[in-house]
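Each reported figure results from applying straightforward, stated rules to the coordinates on display, with no laboratory input. Computed from a prediction, not measured in an experiment: that's the story for all the values here. Heads up, the Cβs are rebuilt from the backbone with ideal geometry, glycines too, and the neighbour counts pull from every protein chain shown.
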Amino acid sequence: MKRIMIICMLVTSINAWETTTHRAIDKTAISNAHNLTSFLTTSGLKNYTFNRNSIGFEGYGMTYIEYVIDGEGDSGISQWNQTFSNRSGSTARSKELIEAGTILEDALWQDEDTIAFGGDGRFNNHFYEAQNNGHKLTYGYGFHVNAVDWATDLHVPTANPNLYNYPRAMRYFCLGFTESDPKERRKYQAKMLVSVGHLMHMVNDMNVPAHVRDDAHPLTDPLEVWMRGGWDGDKTDMGFHVMGSQIKGNISGKVNTTYKRSTVADFMTSEASYTSRNFLSASTLNLNSSYKPNTSTISYSQWYQLGGGVSKRYMRNADKTKIALELKSHICDNLITLGVPRGRGLCGNSVIKGDYSVLKESGQVLIKRAISNATGFVNYFFRGQIEAKITRTTIAIKNISDTSLVGADTTIMRSTSSSGGAYIVMYENDDGTRHPLYFTYDRSKGNSDIADNLTQPNNPTNILYPSIDLNPENTLSAHIILDYATDQIVRNKKIIIIYSGKIGEEEGASICTADSPSGMTATRI
């Protein structure tokens, strides 16, 4: 096992939910995300084993990667090997790659060589101040952008680009099914799944009060400590976290698994606004702060006498969840969050140690919302679903997206004129290589659903340019001519149709496979 020197230096931020809590949230979410289950099953990726070395995790500090793989360190960093069914971390299945992305979103940059409390990294881009125009972290080490831009903007102005944001994830999705070489396809499929984990991490962070209230916390945050199971992570009755391969802790009440949002940004900003306006974080307790909850809905409990001239009362938000404790004594008279057995001086050590009720109640609400939001996001990511039927004379594509899981408007596959959307038709050889399936449009029969004027007459193409938006449960069709030679080549081969373009308001991708044109029965992916 490698030995790595840990150099401590002052920074302003580190993780949001500890990695072990991120894993617990996302393990629960992906098990509830039915669109993911459908995609993995019908794509053949459900039980496929990826080789970690062939994936090429890019954009991280190598020190961080080696540190993670060696399994050293505390908290979430040592979770890496537990993520994979192969404990060496050399191979991974699809859902394990999503968990890997969740862990690696807190990575250092490649030119940083410190681990514990030092270096700049991805984590400094995890802040979104919902009550201040979505402002980024306003102070601290390194270059920062706000969390929503970090997750969604392809052109973030930073020396360290985000290789796992939403636009790139969708590009990996398309390349993962259109590249000719099967090894290249697997590489991009893996990067797409890792990107889903990165994005889930960002969505999770919008339910952390410190991350939506401009509250940097280099020495961790009391709510995060509670949720990971205490300072040593060994309290199975506390919080919500992964220990070994098991989720520990209890979240009471039903989790909503059908959160419906219209964009990736909406999954983040909606929760950021809710969290910021209803919860406090350790360093933003002053109600006169510009970052404050809805003060008109704040209520207080009666005073509780603790003896020795000390009393306490709880602050509650609109739904009566405890969000802070007020201590009144000659030692201290202030509002503080609970559950910090260190670092709060006399108040923390002698008065409130062991009183975790604020953290427990806040966590119960926020973790449930984080799971619901993450589940909704994964369903959204895989929202586009199609099936197809092809013969030597026709291609018919139906939108079979499940609108019970995502909003109907978010599953509309847009036309070429409105979004540049297109359907790509390919076939797969026995050796796994994929190639364009060329056909010509039969203009004598008309193609009202297809903008066939975008191709030259009698010029073979493998792209359908839709002239209509394809709504759920609707079908578009095209009259084609598949010549005899092509028909013989693709006979008994798997046909793949990939949509790339806007699905709803932003970029998406969808894919289906079918039998050869001689008698095709479609299977959706």
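Starting from the 7 Å offset along Cα-to-Cβ, what nm value, one decimal, do you get for the label separation of Asn471 and Thr391?
With each label point 7 Å from Cα toward Cβ, the separation is 2.7 nm.
Taking the highest mean first, how do the peptides 19-28, 254-263, 269-278 order by number of other beta carbon atoms within 10 angstrom per residue?
Averaged packing, sorted descending, gives the order 19-28, 269-278, 254-263.
Kindly state, to the nearest 0.05, the FRET efficiency for Ala159 paired with Ser273, given R0 = 45 Å and r defined as their beta-carbon distance.
It comes out at approximately 0.90.
How would you classify the range 404-500 from its alpha-carbon gyration tensor, with a ≥ b ≥ c the square roots of the eigenvalues: rounded for a/c under 1.5, else prolate if a/b is greater than b/c, otherwise oblate?
oblate
Please find the FRET efficiency linking Ser283 to Asn133, where r is the Cβ-Cβ separation and R0 is fixed at 25 Å, and quote it to the nearest 0.05.
Step by step, r from the Cβ atoms, then E = 0.80.
Where the only charges are on Cβ atoms (+1 Lys, Arg; -1 Asp, Glu), what is the dipole of the range 162-275 about its Cα centre, to the nearest 20 debye?
Roughly 600 debye, rounded to the nearest 20.
Working out 0.36 nm times the residue gap between Ser301 and Arg491, then minus their Cα-Cα distance, what length gain in nm do you get to one decimal?
In short, 61.0 nm is gained.
Determine ³J(HN,Hα), in whole Hz, for all residues of the range 485-493 in sequence, where each value follows from phi through the Karplus function 6.51 cos²θ - 1.76 cosθ + 1.60 and θ = phi - 60°; x replaces Gly and Pro.
5, 5, 4, 5, 5, 8, 4, 6, 9
Taking a 20 Å limit on the Cα-Cα distance, which of the listed pairs Lys46/Lys389; Lys398/Lys494; Lys260/Lys368 fall beyond it?
Those over the limit are Lys46/Lys389.
Of Lys187/Lys493; Lys187/Lys235; Lys320/Lys502, which pairs sit farther than 30 Å apart, going by alpha carbon to alpha carbon?
Lys187/Lys235; Lys320/Lys502, as the Cα separations exceed 30 Å there.
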